[in-house]
1. Among the residues that make up region A:408-429, is at least one of them buried (at least 16 other Cβ atoms within 10 Å of the Cβ), under 27 Å from the mean Cα position of the chain (by Cα), away from every other protein chain (no Cβ under 14 Å) and of a type in the set (S, T, N, Q)?
2. Please work out if A:Leu272 is of a type in the set (A, V, I, L, M) and buried (at least 20 other Cβ atoms within 10 Å of the Cβ).
3. Kindly provide the set of residues from region A:301-311 that are out of contact with any Phe, Trp or Tyr (no Cβ under 7 Å at 6 or more places or on another chain) and within 13 Å of chain B (Cβ to nearest Cβ), ordered by number.
4. Open to solvent by 10 Å² or more (accessible area, probe 1.4 Å), among the aromatic types (Phe, Trp, Tyr) and farther than 28 Å from A:Leu213 by Cα, is that true of A:Phe259?
5. Looking at region A:357-372 only, could you name the residues that are part of a helix (DSSP H, G or I) and either facing chain B (nearest Cβ under 7 Å) or within 15 Å of B:Leu44 (Cβ to Cβ) (or both)?
6. Just to be sure I understand, how many residues within region B:59-83 are under 18 Å from A:Ala370 (Cβ atoms) and either within 9 Å of another protein chain (Cβ to nearest Cβ) or modelled with pLDDT under 95 (or both)?
7. Check B:Ile56 against each of (1) more than 12 Å from chain A (Cβ to nearest Cβ); (2) surrounded by 19 or more Cβ atoms within 10 Å (Cβ to Cβ); (3) of a type in the set (A, V, I, L, M, F, W, C); (4) touching a Lys or Arg at 6+ places or on another chain (Cβ under 7 Å) and name the one condition it does not meet.
8. Suppose the filter is over 31 Å from the mean Cα position of the chain (by Cα), open to solvent by less than 60 Å² (accessible area, probe 1.4 Å) and away from chain B (no Cβ under 14 Å); does A:Gly379 pass it?
Amino acid sequence: MRAKHVIRVLIVAAQLLLFLFVIERRFQVESPAFVRLIRLTLAGFLVHAVLPRRFRLPFFLLLSIAGIAVVLGPKEAAWLAAVGFLLVGICHLPIRMAARVSLLVLVGAFLAFLRARPASAPLSAAIWPILGSMFMFRLVVYLYDIRHEQKPVPVAQRLSYFFLLPNVCFPLFPVVDYQGFVRTYYDSDEHRIYQKGAEWMFRGLVHLVLYRLVYYHFMIPADEVVDAGTLGRFLVSNYLLYLRISGQFHIIAGMLCLFGFNLPRTNNLYLLASSFSDYWRRINIYWKDFMVKVFYFPAFFRLRSLAATPRLLAATAYVFVVTWLLHSYQWFWIRGSFPVTGPDIVFWALLGFFVAANSLREAKVGRARALAGRARTLGGSFRHAARILGMFVLVCLLWSLWTSASLGAWLSLWPFGEEGWTRGAWLVAGLLAVALLAGTVAGYLSGRIRGLGIGGDNLAFGRSAWVTGLSLLLIVIVGHRSVYAHFGSTAADTIYSLRKPRLSRGDIALLQRGYYENLLGGDRMGSQLMELYMKQPADWDGDPNVMYVPRNDFLARELKPLVEFTAKRFPVKINRWGMQDRDYEKEKPEGTFRFAILGTSYVVGLGVPGGENFESLLENRLNAEMTPKTGLRYEILNMGVGGYGAVQRLMAMEEKAFAFGVDAVIFTVHETDPQGLKDLSDAARTGVPIPYPPLAEMVSKAGVDAGTPEAVAEKRLKPAGMEITGWIYRRAAEECRARGVIPFWFFLPTTSRDHAWSADHDRMRALAEEAGFEILDMADAYGGLDTRTLWLGDWDQHLNAEGHRLMAARLFEALAANERFASRTKNERGAGAKPAERGGAPRNGG
Amino acid sequence: VDEGIKSTIKEYILKEFLPGERPEALTESTPLITGGILDSIATLKLVAFVEERYDIRLEAHEASVEHMNTIAQIVGLVESKKR
């Protein structure tokens, strides 16, 4: 018996080892912290499984707290444990329940006060999401259940309920039912429970890899929805992103099974829901159970005076209002703000309405149930498949609403003309027909052929171990480069892309625009952007009220002169002209060749010490290496402003750069420019005059005016992106020529690893050459490098010090090789320009 | 277990939630809630039936796996309320 126990534990451990190998060496589906936690889980599982039963709960509790220390650090673990013990202790004070609840509310309010001001709290900011996820809902369930508790529960089990091992890596932890947590502890064969854990973790892994496939390769940004085909693709892939949550929940519940907590499923084939009630019962089951137990049943029982129908409707409405509120409450503990958005309200209202209508029908007519699977007729299978498909389409629609930042953004998905509605429509209809046919056949066969299932909660230990272990082994083998390289370039590239975490194109765009700070879509909590944002230190970007002075015209804002602040870890000084730069005289000193560089946050260069951004490094190098040859001093005036669009850069050039008597303008552009016309769309929408009539006409022609929703405006402008870009280049080059200024087109690619922009780059470069720009093209600047090594952090993809050094070196080479620049500096010297008296000395910069 | 209560409840479950099912397939230990026979709506219907049939009053927390997951548990609950 003992030998059997050891063998079975080792079999489960072997599967965990394969799981660890996969997430570490093959598909890094979660963070490095998760890998550390799984290592600890594996070691803890082996010890736990051989301990006498009475030591297992205390061991699990200690292991869970050790897990917090491994991921967050010992100090944070001590804080979390202290606050947690205090909260659980209050639940058991020998006073009336109402007094205990009041005390908990008071302590909760104090913690919420600190949560809203993380910088002033003594606790590390990293603690809040974990503390919140451990206690924000579980305390409610716990208090509800201990009122009716009949059997004694060990203290270690009570505490373990809150400090659950996987929690530290998953702030979006499902609400676990306390009674269920106690009731299911070793409630069946222990090896079967362990094996279920390994199996569920494997299923979670599959969900997460599939999620990545959808996120990287199928999901398209909402502004790329232009016809029925792209709309269908967007709706489906947007809904399938939930695979990430279901994958995480599988892993969480699986990890708990490894320690004897035989928890039920967290999700149950939610893609196969055939009605709204069915959907509510299948997706995020723990949440549904929480709502039913703590809100729905108590409300229903209290409303005895009402007739059955209004009673059911009122209790259902109550549940959905509470669900909506609690989602914002959950977000508060994770991020510190309490969002209330239109799509959120409409989504929960609609879902509540449909579930209530379905519930009424089920209460009156009933629904088909069976003790064992029943075979359907072909007609019945067809009707069932049609219902599933219909639900899938409806949920995709609702989900797209929920995940939109605003109702306007959601509406912007739809307005495409008659041609757009027909384009791709046949493909969508064809796919739906194929799905219906496949669903009918599968439904018909599933009730007739026994033993078809290769997975399921009731598989015997041995069969489950074989299936799970071999599947993991297969992933290990197929995930090796030497194996998948034989699958053809497309498949190999796809598999390779799934190995590492990265952002999708749409999320990169949001990140670059700083939108991730205001994530409002209902999926915000499960999004990768949110995770990045959670890593970002408090006050990372600095206070915009200190940094900027607003303007009422097209420029919208500029850096505030003579202010000092800290942003992205380093102190920043703005000079008297509003430049993140050292001070310059307005009049160009004699014997000086003066540049102005126009650009965005990449040019401003926050996040590196003063004088170490590429502009300063380039200036130093020009003075150190060119001055001895030309006798000229070099100045580069940094006129970059974060968030400036291409038209704003043009306006800044005309208004500011020329006033400083510059000899050359470096006009910085990014690959995102033709698609990122926010400066134009914002101006048109808010009624700010666009200073260039031809551009104003293009905007008007695109159908963007005051009142056009933001998402709609940007989508309408997109097709005109290259035309607008061309106009900007021509205007900039002409203005420079008219003043004898050399215009440099400086292509500075963003550091996102999405290189789908090469076609845009080629067109932009051609437009710049046609306009008469000198070319400083850095398109290949990061060639061969992992651009992540050039980021300030995972949450901020701007250049770090190494990136600035690289860019300065490349720019210097490009300038040194530029004939027009060489000829001009030669002429300046030939014209008798005196060498600068102060030139050459390295500067400290901004 | 009171056989009268047991058979009444079993009959009700078979008639309301498992029409067409063989009576012998439903035993007093068949899991009703965890087995997917009683969802929240069905549980409330059963509660209403039991309250009316036996003139008792159940509490919200009793509409749970701990008290109503099997026919045996439901019979026990009814008996405890009638005492």
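1. Looking for residues that are buried (at least 16 other Cβ atoms within 10 Å of the Cβ), under 27 Å from the mean Cα position of the chain (by Cα), away from every other protein chain (no Cβ under 14 Å) and of a type in the set (S, T, N, Q), one finds at least one in region A:408-429, hence yes.
2. no
3. Kept after step one, since they are out of contact with any Phe, Trp or Tyr (no Cβ under 7 Å at 6 or more places or on another chain), are these residues of region A:301-311: A:301-310.
Across region A:301-311, the qualifying residues are A:Phe301, A:Arg302, A:Leu303, A:Arg304, A:Leu306, A:Ala307, A:Ala308, A:Thr309.
4. Values: open to solvent by 10 Å² or more (accessible area, probe 1.4 Å): no; among the aromatic types (Phe, Trp, Tyr): yes; farther than 28 Å from A:Leu213 by Cα: yes.
Against the criterion (open to solvent by 10 Å² or more (accessible area, probe 1.4 Å), among the aromatic types (Phe, Trp, Tyr) and farther than 28 Å from A:Leu213 by Cα), A:Phe259 does not qualify.
5. Of everything in region A:357-372, those that are part of a helix (DSSP H, G or I) and either facing chain B (nearest Cβ under 7 Å) or within 15 Å of B:Leu44 (Cβ to Cβ) (or both) turn out to be A:Asn358, A:Ser359, A:Leu360, A:Arg361, A:Glu362, A:Ala363, A:Lys364.
6. 0
7. (2)
8. On the way: over 31 Å from the mean Cα position of the chain (by Cα): yes; open to solvent by less than 60 Å² (accessible area, probe 1.4 Å): yes; away from chain B (no Cβ under 14 Å): yes.
Yes, satisfied.
The values are calculated or read from the model by the stated rules, or taken from the named source; none is laboratory data. Because the structure is predicted, anything quoted here is derived from the model rather than measured. As a convention, Cβ positions derive from the backbone with ideal geometry for all residues, glycine included, and neighbour counts pool all protein chains shown. What goes into the accessible areas is simple: the full protein's heavy atoms, side chains included, and nothing from ligands, DNA or RNA. Shrake-Rupley method; radii C 1.70, N 1.55, O 1.52, S 1.80 Å.
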